[in-house]
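Worksheet for the structure shown next.
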Amino acid sequence: MTFAISSFQSSLAELCLLVAVFLAMPSLSRPTMPMGVGIPGDRVDEQIIRSTALRFRVAVVCIGLLSVGLAAALSLVSEDATKIVTPVAFVVSVVIAFGIFRNRIVRAKQEGDWFKDAKTRMVATMTAKDTVRPRVRLWPYMASYAVIIVTSLVGWISYGSLPDELPTLWNSDGNVSAQAAKSVTVVFGGILGSAIATSGLLGLAHLMRHVPRRIHPNDAESQARLRADQQHQIGQSLLATVALSTAILASALSMASWAEPNQPLPLVPATIAFFACFGAVTVFQIVTYVMQMREVRRDYLNGASFKDEPDTDQYWFGGLLYLNPNDPAWFVTRRVGIGWAINFGNPAMVITLAVFIFAIVTFNTLSAPQ
Amino acid sequence: MIEIDPRSEVPIYQQIRDRIVEAIARGDLRPGDSLASVRQLAGQFGINSATVVKAYDSLRQEGLVRTNHKSGSVIGDTSEIETPESFVNGWEDRVRTLISEALAQGISDVSVMDRISDIVTHIVHAQYANIRAHADGAL
């Protein structure tokens, strides 16, 4: 059975997913961080905030429709251009639109001097026992390693029966585009890559334990803990899902290429399965988070006097990039969407990031077919 | 929890020091309790670690916090040490200045006495509540 999906169809599916993600984006920000702009708690119901979120969503839909037209036009010219240009053009346009609409809130905030009478506070826990770091759930990583070990054993057993020439590259349709002489690197390259990816994700999961728990001054301690636990759980689940899905995907594709080296690989259904799995976990986590945080939001609105977080907009560029040299944190909670943002103001973080990128580039360069 | 005002004229390190002193007085922090590490506290506030170091150093110099190589910064036990005369004199001077400021601003002496009495009562009540809670927990 073959799966033939045109570049236009795959672009359409990609665009639908991207539109859904960007439509949900304004809802995923905290009430006091609309579109990534820090505002005092007594301004969460300002008309301009609601209208800006609505306008942004309308813009996302319009850009989505234009992108569908672009994909249709490009598919007549080039398959590869359709797959690459369409999502990139969509994301760039939406980010630009985000910046434009976000500026409406920034202007209103500055002109109205919203923080003038705000009671800003910074809150932290005092004792060491209150700052216990959350645990990393190890079973998805152990399962990933198990899949990798089993696949490696299968490869080792069948190594002798594999042909002398093996495929090393496939195009987007799954057809073989490059071959190389049989060697340990060629046979186990894919599964080795997934082992490195799993280890990297496990390392990242441990690093995430060190993300400081920032307490909103209006939160009771239990609410602060709930918020921090939820955010930690979401991040950990997504990392674990990527690790396990990557291991399964690499295992399935490696075994398929060993079984029938010259046959096209089922890349399209594999990619769809990968994103479906990742999407299902993401949607589940987002729904759980929104439901839990609804309770916290209700408390915001019912509170007699608001205490606000300090205005730290000067450290956030476009509400997306964080650069604060005074903050020792490597990661902080994102203002837009869910998850964490890198603190580009932390020298240790920047060096680690540079080493990580260098390692990936070096690995890709060395493993590229000559 | 420590709550500080980033827009206050009082420096942040001083506010951290003051909140910890208040927590010790109320009995929220007891001798032997480990304070959050410098890095943890700076990370939670999103401030430079040097600010927290300055606050902890100040508490250490006052004898309220001591460094334990195993547990980090822990609350010291001042109950068995006689309060130095120099501290009492300095403290008395500060109280005199504070009361004088209130009177100079036009707050009546009765009102000043009432407020001081309220503050002391509030701290002592919290202290007793913490002692009771600790005793119940120990039983």
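Key figures for this structure:
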| item | result |
| --- | --- |
| Eligible aspartates and glutamates near A:Lys129 by straight Cα distance, threshold 15 Å, same-chain separation 8 or greater | A:Glu221, B:Asp28, B:Asp33 |
| GNM flexibility winner over chain A from A:Asn218, A:Asn343, A:Asn324 (Cα, springs under 10 Å) | A:Asn324 |
| Gaussian network model of chain A, Cα within-10 Å springs - most flexible of A:Val176, A:Val21, A:Val92 | A:Val92 |
| Estimated 222 nm signal from helices in chain A, with DSSP H stretches of n ≥ 4 weighted -39500 (n - 2.57), rounded to 500 | -22000 deg cm²/dmol |
| Residue with peak Gaussian network fluctuation, chain A [Cα springs, cutoff 10 Å], from A:Val268, A:Val61, A:Val150 | A:Val150 |
| Interchain or long-range residues, amide H under 5 Å from A:Trp340's placed H | A:Arg334 |
| Ascending count of other beta-carbon atoms within 10 Å, so fewest first, for B:Val110, A:Val37, B:Val95, B:Val38 | B:Val110, B:Val95, B:Val38, A:Val37 |
| Amide H partners (placed H, <5 Å) of A:Thr120, local residues excluded | A:Asp308 |
| Degrees separating the helix A:221-259 axis from the principal Cα axis of chain A, which is the longest one | 10 degrees |
| Tilt relative to chain A, helix A:47-75 - C-alpha long axis, 0 to 90 degrees, to 10 | 20 degrees |
| Value of Rg to Rh for chain A (Rh from inverse mean 1/r over Cα pairs, i.e. Kirkwood) | 1.01 |
| Shielding of B:32-42 by partner chains, average beta-carbon count, 10 Å | 5 |
| Rotationally averaged projected area of the range B:1-81 (alpha carbon convex hull; nm²) | 5.4 nm² |
| Exposure proxy ranking, count of Cβ atoms within 10 Å, fewest first, for B:Ile81, A:Ile215 | B:Ile81, A:Ile215 |
| Loop-located trypsin sites (Lys or Arg not before Pro) in the range B:65-115 whose Cβ has at most 13 other Cβ within 10 Å (DSSP) | B:Lys70 |
| C-alpha long axis of helix A:347-367 to longest principal axis of chain A, angle in ° | 20 degrees |
| Inter-chain shielding of A:114-120 (mean C-beta neighbours from other protein chains, 10 Å cut-off) | 1 |
| Residues of type lysines that A:Lys116 reaches as a straight line, Cα spacing below 20 Å, ignoring anything fewer than 8 places off in the same chain | A:Lys307 |
| Within chain A, longest stretch clear of exposed trypsin sites (Lys or Arg not before Pro) (DSSP loop, no more than 16 other Cβ within 10 Å) | A:210-370 |
| Calculated on alpha-carbon atoms, Rg and Dmax of the range B:2-139 in Å | 17.0, 51 |
| Shielding by other protein chains, A:323-331, mean Cβ within 10 Å | 4 |
| Footprinting exposure proxy for A:Cys16, A:Cys277 (fewest neighbouring C-beta atoms within 10 Å first) | A:Cys16, A:Cys277 |
| Anchor A:Lys182: aspartates and glutamates whose Cα lies under 16 Å away (excluding residues fewer than 8 positions away in-chain) | A:Asp164, A:Glu165, A:Glu260 |
| Note, ³J(HN,Hα) from phi for the range A:316-328, Karplus 6.51, -1.76, 1.60, rounded to Hz, x at Gly and Pro | 10, 9, x, x, 10, 9, 10, 9, 10, x, 7, 8, x |
| Simple label model, 7 Å out from Cα along Cβ direction - A:Ser222 to A:Leu153, nm | 4.9 nm |
| Size of charge dipole - chain A - debye, nearest 20, with Cβ of Lys, Arg +1 and Asp, Glu -1, no other charges | 1040 debye |
| Other-chain or far-sequence residues with amide H under 5 Å of A:Ser29's (modelled H) | A:Gly337 |
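Computed from the coordinates by the stated procedures, all read-outs in this text should not be read as laboratory data. Computed from a prediction, not measured in an experiment: that's the story for all the values here. In this analysis, Cβ positions are derived from the backbone assuming ideal geometry, glycine residues included, and neighbour counts consider all displayed protein chains.
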